[in-house]
1. Do we find a residue being more than 20 Å from the chain's Cα centre (by Cα) and hydroxyl-bearing (Ser, Thr, Tyr) anywhere in region 21-42?
2. Within region 3-47, which residues are surrounded by 18 or more Cβ atoms within 10 Å (Cβ to Cβ) and of a type in the set (Ser, Thr, Tyr)?
3. Take the conditions part of a loop (DSSP other than H, G, I, E, B), under 22 Å from Trp175 (Cα atoms) and not hydroxyl-bearing (Ser, Thr, Tyr) and apply them to Ala98. Does it pass?
4. Out of curiosity, is Ala89 closer than 21 Å to Ser166 by Cβ, free of Cβ contacts under 8 Å to residues at least 60 places away in the same chain and assigned to a strand (DSSP E or B)?
5. Would you check which residues across region 121-141 are surrounded by fewer than 16 Cβ atoms within 10 Å (Cβ to Cβ) and modelled with pLDDT of 50 or more and list them?
6. Which of the residues belonging to region 154-201 are acidic (Asp, Glu) and more than 17 Å from the chain's Cα centre (by Cα)?
7. If I filter region 151-184 down to residues being without any contact (Cβ under 8 Å) to a residue 40 or more places away in the chain and of a type in the set (Gly, Ala, Ser), which single residue comes out as surrounded by the most Cβ atoms within 10 Å (Cβ to Cβ)?
8. Of everything in region 12-43, what is within 17 Å of Ser112 (Cβ to Cβ) and part of a helix (DSSP H, G or I)? Give them in sequence order.
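The values are calculated or read from the model by the stated rules, or taken from the named source; none is laboratory data. Quick caveat, the model's predicted, so the values are computed rather than measured. All Cβ positions, even for glycine, are placed from backbone atoms using ideal geometry, and neighbour counts span all protein chains on display.
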Amino acid sequence: MSLYVIDDHPLVRQAIGMLLRRLRPANKVVELEKLSELQAAIIKNGAPQLFVLDLLLPGVKGASAVSDIKGMYPEVPLAVISAMPAGEAEETCIEAGADIYLEKSSPAQEISAGLQGLLAAETPNAEDETATASGDTKLSKRQKQLILMLDRGLSNRDIATELNISEHTVKVHLWRLFRRLGVKSRTQTLHFARTHGLLMS
């Protein structure tokens, strides 16, 4: 399994590559300058376990790279690391299918935590192993807790404060929850929860 970094800025690309090699020394890290190089790289280097890409790639408009990659590999986590401030750009990327949005100006520790969280989400933890059955869907206690928090209308920051964890960790937990339920958004999660009796109302 390989980790793919797509960024046209050499220093940024190399820095992210070095970070991933420290996080996952057993995995091959493949650094690419252009999105058009991805398919050939995957054929040469093996199935992807993670994508990390810049939002502003040459010849790519908006978040189309995100939707293109997710269209081909919907189950593979994808992180956008961009120079653009979070906000509208983050919403656009998440809507296109990105699992996490990180600013290049963020401290290295935050970027590392975000990427490590996505990689860890691929491996079931003790919490998921002790999941309880809710209809046909097995949810951990934390996932049930998240659904109730979403129902209360809490933001990622609110959830992070209440659970005493980082916002990046919240995003990873939500990504894992969405994947477990087969949904793509908070709204779809709440609809699923109501129709499957996971919420009282």
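1. Yes.
2. Result: Tyr4, single match.
3. So Ala98 passes the test.
4. No, not satisfied.
5. The answer is Glu122, Thr123, Thr137, Lys138, Lys141.
6. The answer is Asp158, Glu162.
7. That would be Ala160.
8. Those that are within 17 Å of Ser112 (Cβ to Cβ) and part of a helix (DSSP H, G or I): Val12, Arg13, Gln14, Ala15, Ile16, Gly17, Met18, Leu19, Leu20, Arg21, Arg22, Leu23.
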